[in-house]
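A.B. asks: Below: one structure in structure tokens.
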Amino acid sequence: MKRALAPIESSYPRYQRTLVVLQKYMQMEKEEVPDPLPQVKKPIAAGQQYEATGKLVRRLEFLGDLPPSVSVPQNSLDYSGAVAEGVKHFQLRHGLDASGKFGPQTITELNRPMSDRVEQLRLMLERFRWMPHSFAQPPIIVNIPEFVLRAYDPSLHPALIMPVVVGRAIRTQTPVLEEEMKYLIIWPYWNVPPSILRAEIVPKIAKDPEYLQKNNFEVTTYSGEVITEGVVSEEVLTQLRAGKLMVRQKPGPKNALGLIKFIFPNDNNIYLHSTPSQALFAENRRDFSHGCIRVEDPKALATWVLRNNPGWTRERVDVAFQAQKQEQVNLAHEIPVLILYGTAIANEDGRVFFFEDIYGYDKAMAKLFAQAYASKQ
């Protein structure tokens, strides 16, 4: 049986780790005794009291976020010290704000039954089976619900890890895809997509005819001929509304794409890029974009992407970022780019992370599986 299943089993290390973790959580599901923590109306900070601190300690111990050696009196109400640190550890593993403040969302996740976690792990295994079993070059993998990018070494261990911003859960979701990165552009133009042009840019131009100049935009033909970068006439505005002209933002530090974009041609026109809006990377949930993926450390990613291009050291990348001129660099070797959707991740250090099903893909997938199983009964 094992030999028969081998062709569909992934060799990806995270798949193998998830298999092991699934067995652990299936055992936890059997051992779990439901005893929900009571909800709170307002978050509780370290040093305050919680009516079920003893019950909280037992739950954290069961989940592995608090060592069994921590001693807390059975009827204690004090929420502090090691208990608060255990909550921080739990929050970190579940995509929550790891502040140690103990609020409704944290309690909801603590009360989630192990059957839900087993389901997440099973769905993650299924998605891993869809992945390529090998790569011509070490890949870049973005996990949407985790808001994280990883670039891998030849042994498929992470060589680079960084936070990312992905598409909004409502209307502008980042698609799941598999493509090849072919080149990057330093100091890029941002060609405003038609949907954003209609919904956002045109109304702003109509309200303020000097909007282009204030925000470093220009109106062009589709062949790139500049029509105006100043005041927009009614005639030009009419053509924009009709889709006969386009708008692009000129290169520079304030460009929406930042100073670089990484291109892996695809039907969705999705790419990786830097951003001047660095503050968003401090947010816990980072679905803010129109679909493209913003990376926190573009210089580090560029250096990794160009590692096989002769002469492209970190120093040369720094110089190119400061050059104030557009430059396209074709990659010596195309790089596989996978944008995945997984709400359960098993790390090399043995920790298991769970994330919110922000796009509802887990729910939809579980429903399809349930329907498929039911039809075979």
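A.B. asks: Which of the pairs Lys250/Lys299; Lys214/Lys254; Lys42/Lys367; Lys204/Lys244; Lys254/Lys325; Lys214/Lys299 have their Cα atoms more than 23 Å apart in this structure?
C.D. replies: The pairs that break the limit, which is 23 Å between Cα atoms, are Lys42/Lys367; Lys214/Lys299.
A.B. asks: Cβ under 14 Å from Tyr189's Cβ, Tyr189 left aside: what net charge do those residues give with Lys, Arg +1 and Asp, Glu -1?
C.D. replies: Charge balance near Tyr189 sits at +1.
A.B. asks: Only four residue types carry charge here, +1 at the Cβ of Lys and Arg and -1 at the Cβ of Asp and Glu. Report the dipole size of segment 190-249 about the Cα centre in Debye, rounded to the nearest 20. Don't jump to the answer; show the numbers that get you there.
C.D. replies: Details: 7 positive and 8 negative charges, 49 e Å.
My answer is approximately 240 debye.
A.B. asks: Here's another thing I want to ask about it. For Glu180, which sequence-distant residues (separation of 5 or more, or a different chain) have an amide H within less than 5 Å of its own amide H, given hydrogens modelled in the peptide plane?
C.D. replies: Hits under the 5 Å cutoff: Val337.
A.B. asks: Using every alpha carbon pair in segment 270-377, what percent of pairs falls into each 10 Å bin from 0 up to the bin containing the largest distance?
C.D. replies: 10, 28, 31, 19, 8, 3, 0
A.B. asks: A further question on this structure: Taking 45 Å as R0, compute the FRET efficiency from the Cβ-Cβ separation of Lys299 and Asp349 and round it to 0.05.
C.D. replies: For R0 = 45 Å, the calculated efficiency reads 0.95.
A.B. asks: Rounded to two decimals, what ratio of Rg to Rh does the chain give with C-alpha atoms and a Kirkwood Rh?
C.D. replies: With Rh from the inverse mean 1/r over Cα pairs, Rg/Rh is 1.04.
A.B. asks: Counting Lys and Arg as +1 and Asp and Glu as -1, each charge on the Cβ, what is the dipole of segment 33-112 about the Cα centre in debye, to the nearest 20?
C.D. replies: In total the dipole reaches around 160 debye.
A.B. asks: For segment 190-249, what is the convex hull (Cα atoms) projected area averaged across all directions, in square nanometres?
C.D. replies: Details: hull surface 13.4 nm².
Reported value for the Cα convex hull: 3.3 nm².
A.B. asks: So the label point goes 7 Å from the Cα of Glu225 along Cα→C-beta, right? Which residues of segment 325-347 then have their backbone N under 20 Å from it?
C.D. replies: No residues fall inside that zone.
A.B. asks: Along segment 110-122, what does the Karplus equation 6.51 cos²θ - 1.76 cosθ + 1.60 (θ = phi - 60°) give for ³J(HN,Hα), rounded to whole Hz, x for Gly and Pro?
C.D. replies: Taking θ as phi minus 60°, the curve returns 5, 7, 5, x, 4, 4, 5, 5, 4, 4, 4, 5, 5 Hz for segment 110-122.
A.B. asks: Output wanted: per-residue J couplings in Hz (rounded whole) for segment 198-213, from phi through Karplus 6.51 cos²θ - 1.76 cosθ + 1.60, θ = phi - 60°, x for Gly and Pro.
C.D. replies: Running phi through 6.51 cos²θ - 1.76 cosθ + 1.60 with θ = phi - 60° gives 5, 7, 10, 6, 4, x, 5, 5, 4, 6, 9, x, 9, 4, 4, 5 Hz.
A.B. asks: For Gln16 paired with Gln326, estimate the spin-label separation in nm (one decimal), with each label point 7 Å from Cα along the Cα-to-Cβ line.
C.D. replies: 4.6 nm
A.B. asks: Loop-only GluC sites (Glu not before Pro) in segment 247-331, please: DSSP not H, G, I, E or B, and at most 14 other Cβ atoms within 10 Å.
C.D. replies: Here the sparse-neighbourhood loop sites are Glu283.
A.B. asks: Using a 10 angstrom cutoff on alpha carbons, build the Gaussian network for the chain and name the most mobile of Tyr222, Tyr12, Tyr271.
C.D. replies: Of Tyr222, Tyr12, Tyr271, the Gaussian network model singles out Tyr222 as fluctuating most.
A.B. asks: Compute the whole-percent fraction of alpha carbon pairs in segment 26-155 spaced more than 22 Å apart.
C.D. replies: Across segment 26-155, Cα pairs with separations above 22 Å total 46 percent.
A.B. asks: Then there's this: Would you mind getting me the FRET efficiency between Thr313 and Asn284? Use the beta-carbon distance for r and R0 = 35 Å, nearest 0.05.
C.D. replies: About 0.50, to the nearest 0.05.
A.B. asks: Also: What are the residues whose amide H is under 5 Å from the amide H of Val164, where those residues sit 5 or more places off or on another chain and H is modelled from the backbone?
C.D. replies: Val148, Leu149
A.B. asks: Non-local amide H neighbours of Ile44 (under 5 Å, H modeled in plane, Pro and chain starts lacking H): which ones?
C.D. replies: Phe102, Gly103
A.B. asks: Moving on. Counting each DSSP H run of 4 or more residues in the chain as -39500 (n - 2.57), what helix-only mean residue ellipticity at 222 nm follows after dividing by all residues, to the nearest 500 deg cm²/dmol? Show your work: numbers first, answer last.
C.D. replies: Details: 12 runs with 121 residues, N = 377.
My calculation for the chain gives -9500 deg cm²/dmol from helical runs alone.
A.B. asks: Something else: What residue among Thr221, Leu121, Tyr152 has its Cα farthest toward the positive end of the dipole of segment 92-245, where the charges are +1 on Lys, Arg and -1 on Asp, Glu, each on the Cβ?
C.D. replies: Of the listed residues, the answer is Leu121.
A.B. asks: Let me ask something additional. If R₀ is 30 angstrom, what is the calculated FRET efficiency for the pair Ala159 and Glu85, using the beta carbon separation as r and rounding to 0.05?
C.D. replies: Efficiency, rounded to the nearest 0.05: 0.50.
A.B. asks: What does the charge dipole of the chain about its Cα centre add up to, to the nearest 20 debye, if the Cβ of each Lys and Arg holds +1 and the Cβ of each Asp and Glu holds -1?
C.D. replies: 320 debye
Every number here is computed from the coordinates shown, using simple stated rules; none is lab data. The structure displayed is predicted, hence computed values, not measured ones. Note that each Cβ is placed from the backbone with ideal geometry, even for glycine, and that neighbours are counted across all protein chains shown.
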